[in-house]
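As structure tokens, the structure follows; a few thoughts come after it.
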Amino acid sequence: MRAIQRRLGSERGSVVVMVAVSLMAMLALAALAIDLASLRDAKAESQRAADAIALAGASAFRDFPWTDAVTSDSARFRALDIARWNQVRADTLDVRNPTSQTSTYAWGTVTVVQTQDVTLNIIPDSQKVRAWVRRAGIRTSFAKLLARPFGHVQSMATAWATNNGPVVDCLKPFVMPDMWYESDKVTQDVDADDYMDPITTNPGNEQDGESWKYEPESIGGADYYLPYDEFADPDPLGRPQTGYGSGLRSDQGYPEDVGLPLLLKPQTGGGNTDPAPERMGNAFWLLDFDPNANTRQEIQTGCATAAIGDSVPYDNGSKTGPTRQGIDYLVQQDPGAYWDSGQVLGSAWPDWTQSPRVVIVGLIDPIYWTAASSNSKPDPGSVFTNFARIFLMPNDPQGPPDNVHAVFIGSAPGGTGGPTGGSLVKILQLIE
């Protein structure tokens, strides 16, 4: 009897049982963790796909007017096209046989595009595209032992094209004549494209490009100037607007002049002829916003304020060396940035519109650019008519060192945020 009691009271082997039970529990938790990690990765992949799809769709509203009927179709095609290139768990998204339905509300319309793995909401009135990416039936490895053989993930993203980019209260010390309509299609606008083709040759070489002179009716010519203003009434004579940002050069591949190459030279008397004695093509004048700073300092670190209608504070001389040093300094602050397809890529700034190479310069009516002497300043009565946002390009080592290469981005608010003739170039943003 005592022997039986000793055997029944013995705990020998119980540890093995506890270890076995604990091991099974830990293996089950580890297995679930593996499945959860796999689903988490699938969720991240679906989110990246949703982001890319929404941005691709919204890019149509960046490139085309949202009021055009074809813009929503373009948003749909772009979104579905990029969706075909995305995968979740090494399986391509299924966007075959899409269906769409458009609903109209008091605030606008929404087009819902439905496919097996992707749903789109295209909202032209707010220039948004919202994308849902779903992936059902993701096989699990261990959760199926708990009657969960499949997992499901879904992600959503919303992108829009906006021209409400950050307002930079920082005007650099440059002013250019705003663009006008050049009526001389024989010796000035020789290719009749309403674009002043840049001059890239060194002095003394056979000149390429074009150099225009503003010759309005008041001095016997047929040129005219209308600043870009999207809210202006139509011209009584039916003439299109000519200023930078207008649609005059859109058929040259620069809608609203976005991406238009600019080659700016210091003011010069070379090539002066009557009736417009001051050489007009590809020119700029320097400004003196801060009497206590030199030109190089004003370009590098200066930030002036001005509004449309303010007097233009001209500086003396071209100051080629300090100007070149100032421009080179700004370019080197963001050396990896470059212009491509309507935006700046490779910038060290998350918001490329904040790059030091994106600057605001003043524009004036070209009537103030004519002068009786090759070295005189423009008319002292001139005022700012608009402001241009430009992207500075590196200096061309093969060209004249005083040239400033840039790309037109869009009309911009002045330093005081006064009225403008247009808005900033549209940028894409993920907002959800």
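In table form, for the structure just shown:
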{"quantity": "Count of segment 225-279 residues which are small (Gly, Ala, Ser) and either at pLDDT below 80 or closer than 18 Å to TYR368 by Cβ (or both)", "calculated": "6"}
{"quantity": "Breaking point among (1) at pLDDT 90 or above; (2) among the hydrophobic types (A, V, I, L, M, F, W, C); (3) in contact with a helix residue (DSSP H, G or I) (Cβ under 7 Å, 6 or more places away or on another chain), for ALA50", "calculated": "(3)"}
{"quantity": "Test: GLN116 is at negative phi, in the same structural domain as ALA56 (by TED's automatic domain parsing) and part of a strand (DSSP E or B)", "calculated": "no"}
{"quantity": "Residues of segment 127-142 classified as of a type in the set (A, V, I, L, M, F, W, C), closer than 28 Å to TRP160 by Cα and either modelled with pLDDT under 90 or surrounded by fewer than 23 Cβ atoms within 10 Å (Cβ to Cβ) (or both), total", "calculated": "2"}
{"quantity": "Single match in THR295, THR301 (criterion: surrounded by 15 or more Cβ atoms within 10 Å (Cβ to Cβ), of a type outside the set (A, V, I, L, M, F, W, C), modelled with pLDDT of 85 or more and over 29 Å from ASP223 (Cβ atoms))", "calculated": "THR295"}
{"quantity": "Number of positions in segment 353-384 that are in contact with a Phe, Trp or Tyr (Cβ under 9 Å, 6 or more places away or on another chain) and at pLDDT 70 or above", "calculated": "17"}
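For (1) in the same structural domain as ASP193 (by TED's automatic domain parsing); (2) touching a helix residue (DSSP H, G or I) at 6+ places or on another chain (Cβ under 7 Å); (3) over 16 Å from TRP339 (Cβ atoms), each residue gets a yes or a no:
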| position | (1), (2), (3) |
| --- | --- |
| GLU217 | yes, no, yes |
| TYR225 | yes, yes, yes |
| TYR228 | yes, no, yes |
| GLY243 | yes, no, yes |
| LEU248 | yes, no, yes |
| LEU262 | yes, no, no |
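Conditions (1) buried (at least 19 other Cβ atoms within 10 Å of the Cβ); (2) in the same structural domain as GLN154 (by TED's automatic domain parsing); (3) assigned to a helix (DSSP H, G or I); (4) modelled with pLDDT of 90 or more, marked per residue:
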| position | (1), (2), (3), (4) |
| --- | --- |
| ALA3 | no, no, yes, no |
| ALA25 | no, yes, yes, no |
| LEU29 | no, yes, yes, no |
| ASP41 | no, yes, yes, no |
| ALA54 | yes, yes, yes, yes |
| PRO65 | no, yes, no, no |
| PHE77 | no, yes, yes, yes |
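The values are calculated or read from the model by the stated rules, or taken from the named source; none is laboratory data. Keep in mind the model is a prediction, meaning the values are calculated, not measured. Neighbour counts run over all protein chains shown; Cβ positions are idealised from the backbone, glycine included.
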